[in-house]
Amino acid sequence: MHSTGIPIRHWPRILLAGALLAIVAGARLWAADPPAKPEAASAGAADEAAIAWQQEYAPTHDRRMQWWREARFGMFIHWGVYSVPAGVWKGEKSKRIGEWLMLDFKIPVAEYAALASQFNPVKFNADEWVKLAKDAGMKYIVITSKHHDGFAMFHSGASPYNIYDATPFNRDPLKELAEACKKEGIKLGFYYSEAQDWHHPGGAAYKGKINTDKNIDKENHWDTAQQGSMDEYIDKIAVPQVKEILSNYGPVAILWWDTPGDMTPQRVMKFLPLLKLQPDMVVNNRLYGKKYTGDFETPEQKIPATGIPGKDWETCMTMNTTWGYKSFDDKWKSAETLIRNLVDIASKGGNYLLNVGPTSEGLIPEPSVERLHEIGRWMKVNGEAIYGTTASPFKNLPWGRCTKKLTTDGATLYLHVFQWPEDGKLLVPGLKNTVESATLLSDGSTLEAADDEGGVVVSVPADAPDKISSTVVLKVKGTLKVE
Ligand code: FHN
């Protein structure tokens, strides 16, 4: 018998009950006031970042986005010191995208930085680039002001690792592009890798799978020169450089962040106030994770099957398989594919940001130029059916796609015909509106349109005006009715 008078054999149960009681009491206390876990704190703070966005920028979203929604088509430019090795390192071809060469071969910081002395793009001509984009029907340009390798493609006071100070070129291509865009009425935007920076100490490094044949630290840095505080990198390099690109180049129409790995709400809050430097600017969704919306979504290298209803979105895509120039990448998409992508994206209510990767001489690769010329020829005839249009009212059209413009008393439907009907009968399935007129956009010629139990049938000429995509314009009366 224990001195308490309780038989020993009952003690284990008593102790267990006591422990359980303590746990329950502790849990209740904890639930009442849980200690702040970092993520939890960030979730709260993320809300702070999300709230800051919602409060300060969301209210002007529609005003700022209007031109962007009407533009539909832009040029992405990935250009940097990585165009010097052009995907080859010490005779070995990279299997990765060209702008990732430094990471792919775990090139030490100093060795990679030495490439700058070989970077002298004397054939760079901003007017030619802007003219090429404009003639292709593009309304805006987004160029990489700094990519993950940390090299600034502008004259930066925050870091000497830039094209003006660290290369024999000694010019500022962003300054020259800003002037050329102004002359041609093309909107200019800047891409900035805010988190990943493989040059400046503390910059983040990619957290995905890395072939680890070299000793990589827990931050995936492969060179001790990369080690440091990320917040210091943000305070000393990233924030000052974003301030520079938003202050020194006139109107900036778009800010295109990228790969926000390791971004936290506190770090987001260091960048958000900078957006006030450009009150008309639109911003993508890659400054921070899901909670942070930005103005538009950015599906990459793919076209969402049904678009992203209710959201502004922009598909960015390469013309071959790399963003930055690789001398041996010749897997070029055809002009037909690129034009039909543009139509497909517009028919789903999205924008198309089509990439070029210039060479280290400052030239846009000839295969890109040829395709942009062909797209331009198509846009000269069919641009009206892309710019300022909205998504198709049809779920599926067997012969192509549709874009539309709502009018005060009805709508204009642009039927983009990829497969021209052999029998000369184009069925517009389920369309119940009265057709006021049907014409070919290419030459304005009038077509017959008749109601049919399946919808509306338009009689078209035997030959398609354009093998890639011909546009039939239907003006219909009343609110759109598609069964
Ligand atoms: O890592 C980058 C890549 O290099 C390229 O810039 C693309 C373009 O959208 N963004 C990242 C990959 O998602």
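Work out the charge dipole of the range 194-321 with +1 on the Cβ of Lys and Arg and -1 on the Cβ of Asp and Glu about the Cα centre, then indicate which of N220, A305, L255 is farthest towards its positive end.
Result: A305.
Where in the range 421-483 are there trypsin sites (Lys or Arg not before Pro) that are in a DSSP coil and have at most 11 other Cβ atoms within 10 angstrom of their Cβ?
Filter output for the range 421-483: K467.
Would you tally the net charge around A205, using a Cβ to Cβ cut-off of less than 12 Å, leaving A205 out, and scoring K and R as +1, D and E as -1?
Value of the local net charge: -3.
Looking at V428, I237, A464, which one has the Cα that reaches farthest to the positive end of the dipole of the chain (charges on Cβ: Lys, Arg +1; Asp, Glu -1)?
I237
Which distance in nm do the two modelled labels at A305 and T408 give, with both placed 7 Å along the Cα-to-Cβ direction?
In this crude spin-label approximation the distance works out to 4.2 nm.
Taking loop as defined by DSSP and a crowding limit of 12 other beta carbons within 10 Å, which GluC sites (Glu not before Pro) in the range 370-474 fit?
E422, E453
In nm, to one decimal, how far is the F328 label point from the E366 one, both placed 7 Å along Cα→Cβ?
Placing both labels 7 Å along Cα→Cβ, they lie 2.0 nm apart.
Which one of T403, T264, G87 has its Cα pushed farthest toward the positive end of the charge dipole of the chain, where Lys and Arg give +1 and Asp and Glu give -1 at the Cβ?
The Cα lying farthest towards the positive end belongs to T264.
Summing -39500 (n - 2.57) over the DSSP H runs of n ≥ 4 in the chain and dividing by its residue number, what mean residue ellipticity at 222 nm do you reach, to the nearest 500 deg cm²/dmol?
Using -39500 (n - 2.57) per qualifying helix, the result is -8000 deg cm²/dmol.
Kirkwood hydrodynamic radius (Cα pairs, Å) of the range 247-287?
Evaluated on the range 247-287, it is 11.1 Å.
Which value, in Å², gives the accessible area per residue of the chain when a 1.4 Å probe is used on the protein heavy atoms?
Value for the chain: 45 Å² per residue.
Write out the trypsin sites (Lys or Arg not before Pro) in the range 141-236 meeting two conditions: DSSP loop, and at most 11 other Cβ atoms within 10 Å of their Cβ.
Qualifying residues, ordered by number: K209, K214, K218.
Between A462 and Q55, with labels modelled 7 Å along Cα→Cβ, what's the label distance in nm to one decimal, could you check?
Calculated label separation equals 7.0 nm.
At R0 = 30 Å, how high is the FRET efficiency between N170 and A225 if r is their beta carbon distance? Nearest 0.05 is fine.
Once rounded, the FRET efficiency stands at 0.75.
Cross-link partners among lysines for K236, C-alpha distance below 22 Å, same-chain residues fewer than 8 apart left out?
Candidates past the 8-residue exclusion: K146, K270, K276.
Roughly how large, in nm² to one decimal, is the mean projection of the convex hull of the alpha-carbon atoms in the range 286-379?
7.2
In 20 Å bins starting at 0, how do the alpha-carbon pair distances of the chain split up by percent?
Going out from 0 Å in 20 Å bins, the chain shows 21, 45, 23, 8, 3, 0 percent.
Suppose R0 equals 30 Å; then what is the FRET efficiency for N341 and E453 from their Cβ-Cβ distance, rounded to the nearest 0.05?
0.35
Among residues other than D466 whose Cβ falls under 15 Å from its Cβ, what is the net charge (Lys/Arg +1, Asp/Glu -1)?
Within the 15 Å Cβ shell, the charges total 0.
Fully extended, how many nm does the chain gain between Q118 and E384 (0.36 nm per residue separation, minus their Cα-Cα distance)?
In short, 91.3 nm is gained.
Can you tell me the dipole magnitude for the range 132-266 around its Cα centre, using point charges on the Cβ only (Lys, Arg +1; Asp, Glu -1), in Debye to the nearest 20?
Dipole about the Cα centre, nearest 20: 500 debye.
How large, in percent, is the carbon and sulfur part of the accessible surface of the chain at a probe radius of 1.4 Å?
Ligands and nucleic acids excluded, carbon and sulfur reach 56 percent.
The values are calculated or read from the model by the stated rules, or taken from the named source; none is laboratory data. Quantities reported herein were computed from a predicted structural model and do not represent experimental measurements. Note that we place each Cβ from the backbone using ideal geometry, even for glycine, and neighbour counts take in every protein chain shown. With ligands, DNA and RNA removed, areas are computed over all heavy atoms of the protein, side chains included. Shrake-Rupley method; radii C 1.70, N 1.55, O 1.52, S 1.80 Å.
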